[in-house]
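Engineer: What follows is a structure written as structure tokens; I'll ask about it next.
The values are calculated or read from the model by the stated rules, or taken from the named source; none is laboratory data. Predicted model, so just to flag it, every value in this text is computed and none were measured. We place every Cβ from the backbone using ideal geometry, glycine too, and count neighbours over all the protein chains shown.
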Amino acid sequence: MTPMPFLIYVVDDEKVAREGITLALRKHYRIESFPTAEDAIQAVLNAPPDLVLLDIGLPGMSGIEALQKIKEMYPEIIVIMITAYEDVETVVSAMKYGAHDYVVKPLQMSALLVTVRNALETIKLRKEIQLLQEKVLKENLPGFIGESDAIQDVMEVVFKVARSSDTSVLIVGETGTGKELIAKAIHYRSPNFEGPMISVNCAAIPKDLIESELFGYEKGAFSGADKAGKAGLVEKASEGTLFLDEVGDLSKEAQAKLLRFLEEGEYYRVGGTKKRMAQTRIVAATNKNLPDMIQEGQFRQDLFHRLAVIKIEIPSLNRRRADIIPIAKHYLLEFADKFDKTFTGISPEAEAVLKTIEWTGNVRELKNLVEKAVLLGDGPELLPSDLGSDAICRDGAAASAQGASGLPSLASGAVDFPAVMEAIEKQYFQQALRLADDNESQAAKLLGLSRDTFRYRRKKLKM
């Protein structure tokens, strides 16, 4: 099937100019012309073109104003400005607002055709890159499952920061929330997606070796070193992304070298004197409280600010309970395929059990539970019995341990009243969130609170 030719809009108040441009280009492209910016803007809303040839000196809405509106609506549309004279200040302004190029009247049609052809090659290349990126995403990145407002907010930030190829990102969240998956989402949606994505757990490498792992070493740098030396992970991840998980476990020496690399893009191998450079994006993650570590002198404040140019906080699974069942279903099908089982869904009773569990291990814990249930169960539906007695009993265990009333008795001595009140409040907040499928506005109504008060007290309860 022959692809449709590119669609070009010509916007010029001079009829002779519109007709001349149309005549020169219509053999190669689909052309529509407009005498005013207002007419063109309406057409863009109805059928976005690939390219707009836009006169700067239009009556009514100016070409610069039209350029801004077009870029606000569709940033990917290429706009070439037409000016009656080479007004440098106006042209600079147009480029500032996103114009791709400009041409000067009187127009040389052969030169205009070359300018348009070159501009449309940019679109063709962009589409090829997009197709390749989608292929890479499909092959390398499992979907980050989530329907809750909380995770949608996170993914919105991910999509925005992924447009950059070098901005540092710090991902914070509890263990098991999917920090590495977020790092992969950033890498594979970024301009450097074809480069390597290398992950390293800083806590799993001895502190005296982490520096050489990150930055490499020269031959003879230390006892047992490879005779030829070794490239570090920063070097291996050049033109790509280095994911530093548990970055709070870096030694002070490694922190200093990482800071230098983030600020200057340069580093030295251990035992070396040659300055080296690398274009490597750093994405870091931690489940520790780095501000507290800064106060205790365990983490450099300047490094924290360099790492957290963009800070992404992943909410715990308990704070996005609307995602529990979609995630469970995703892993149910994944493990059913892996273990050649006939599972096709989760029974309402099993869903109710999953919704009541407090997921201290977050998504990782849910994944492990579903894996075990599929492996031991028979299907076709996942039943409460497949989840095991521990899962079924967990939600009621704390309450039963406090007696029939669910409250500790003064008969046995003094109680920690603030702690008891906090536990009661937390229990009601959890129930409200479950009933409201993690919708904060609905949960607040169930408790007779405003949304702002609900969010403040939820944050205070660290839920």
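Engineer: List pairs: first in the range 102-114 and closer than 19 Å to Ile64 by Cα, second surrounded by 13 or more Cβ atoms within 10 Å (Cβ to Cβ) and polar (S, T, N, Q), Cβ under 8 Å, 6+ apart or cross-chain?
Structural biologist: Between residues of the range 102-114 that are closer than 19 Å to Ile64 by Cα and residues that are surrounded by 13 or more Cβ atoms within 10 Å (Cβ to Cβ) and polar (S, T, N, Q), the close pairs are Tyr102/Thr83; Val103/Thr83; Val103/Thr115; Val104/Thr83; Lys105/Thr83.
Engineer: Which one of these does Glu72 not meet: (1) more than 38 Å from the chain's Cα centre (by Cα); (2) without any contact (Cβ under 8 Å) to a residue 24 or more places away in the chain; (3) not in a loop (DSSP other than H, G, I, E, B)?
Structural biologist: (1)
Engineer: Filter the range 352-389 down to residues that are farther than 24 Å from Gln427 by Cα and of a type outside the set (Lys, Arg), then give me how many there are. So that I can check it myself, show each step before the final result.
Structural biologist: Filtering the range 352-389 down to residues farther than 24 Å from Gln427 by Cα leaves 367-368, 370-383, 385-386.
So of that shortlist, the ones also of a type outside the set (Lys, Arg) come out as 368, 370-371, 373-383, 385-386.
Total satisfying the criteria: 16.
Engineer: Just to be sure I understand, how many residues within the range 207-230 are modelled with pLDDT of 85 or more and part of a loop (DSSP other than H, G, I, E, B)?
Structural biologist: Residues in the range 207-230 being modelled with pLDDT of 85 or more and part of a loop (DSSP other than H, G, I, E, B): 1 in total.
Engineer: If you scan the range 173-199, which residues turn out to be outside any loop (DSSP other than H, G, I, E, B) and either surrounded by 19 or more Cβ atoms within 10 Å (Cβ to Cβ) or not assigned by TED's automatic domain parsing to the domain that holds Glu239 (or both)?
Structural biologist: Start the filter on the range 173-199 by keeping residues that are outside any loop (DSSP other than H, G, I, E, B), which leaves 179-188, 197-199.
Result: Lys179, Ile182, Ala183, Lys184, Ala185, Ile186, His187, Tyr188, Met197.
Engineer: Moving on to the next point. Among residues belonging to the range 262-303 that are basic (Lys, Arg) and not in a strand (DSSP E or B), point out the one that is surrounded by the fewest Cβ atoms within 10 Å (Cβ to Cβ). Let's see the steps before the verdict.
Structural biologist: Start the filter on the range 262-303 by keeping residues that are basic (Lys, Arg), which leaves 269, 274-276, 281, 288, 300.
Checking which are not in a strand (DSSP E or B) leaves us with 269, 274-275, 288, 300.
Details: Arg269: 22, Lys274: 7, Lys275: 9, Lys288: 15, Arg300: 19.
Top of the filtered list is Lys274.
Engineer: Which pairs turn up if I take residues in the range 324-352 that are at negative phi and assigned to a loop (DSSP other than H, G, I, E, B) and look for partners that are of a type in the set (Asp, Glu) and crowded, with 17+ Cβ neighbours inside 10 Å with beta carbon separation below 7 Å, at least 6 apart in sequence or on another chain?
Structural biologist: Sorted first by the residue in the range 324-352, then by its partner, the pairs are Ser347/Glu381.
Engineer: What are the pairs with Cβ atoms under 6 angstrom where one residue, in the range 236-254, is touching a residue at least 24 places away in the same chain (Cβ under 8 Å) and not assigned by TED's automatic domain parsing to the domain that holds Ala204 and the other, located anywhere, is among the hydroxyl-bearing types (Ser, Thr, Tyr) and surrounded by fewer than 17 Cβ atoms within 10 Å (Cβ to Cβ)? Sequence gap at least six, or different chains.
Structural biologist: Note: no pairs meet the criteria.
Engineer: Considering each residue of the range 231-283, count those that are modelled with pLDDT under 90, aliphatic (A, V, I, L, M) and in contact with a strand residue (DSSP E or B) (Cβ under 6 Å, 6 or more places away or on another chain), and give that number.
Structural biologist: Summing the residues that are modelled with pLDDT under 90, aliphatic (A, V, I, L, M) and in contact with a strand residue (DSSP E or B) (Cβ under 6 Å, 6 or more places away or on another chain) in the range 231-283 gives 2.
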